[in-house]
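Every read-out reported here was derived from the displayed coordinates using simple, explicitly stated rules and does not represent laboratory data. Just so you know, these numbers come straight off a predicted model, no measurement behind them. No Cβ is skipped: glycine too gets one built from the backbone with ideal geometry, and neighbour counts run over all protein chains shown.
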Amino acid sequence: MNFNEHNPPHFHAKYDNFQIMVEIKSGIIEGKFPPRSLKLVLEWYEIHKVELLNIWTSLQTTGKFEKIEPLE
């Protein structure tokens, strides 16, 4: 996420030469990712969905960003 991001709330994921954008509320994905990597991103997204929305709101209102831990 970036401070000057546009709506709808979303995050970006990159892997090698692949990039996707995931809408936080709907889970809609734009872009392409290898299947195994996509599965991991979506698993992480499901775990942190509420936290992602809170961070999005914080970025838009205060500019503060909190890091979310990766999958273990």
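Data overview
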read-out	value
Reach of Lys32 by Cα under 19 Å, taken over aspartates and glutamates that are not fewer than 8 positions away in the same chain	Asp16, Glu23, Glu43, Glu46
Relative pair counts by distance (%), Cα atoms of the chain, 5 Å bins	3, 16, 28, 25, 18, 7, 1, 0
Lys/Arg +1, Asp/Glu -1 at C-beta; the chain dipole; positive extreme among Trp56, Tyr45, Ala13	Ala13
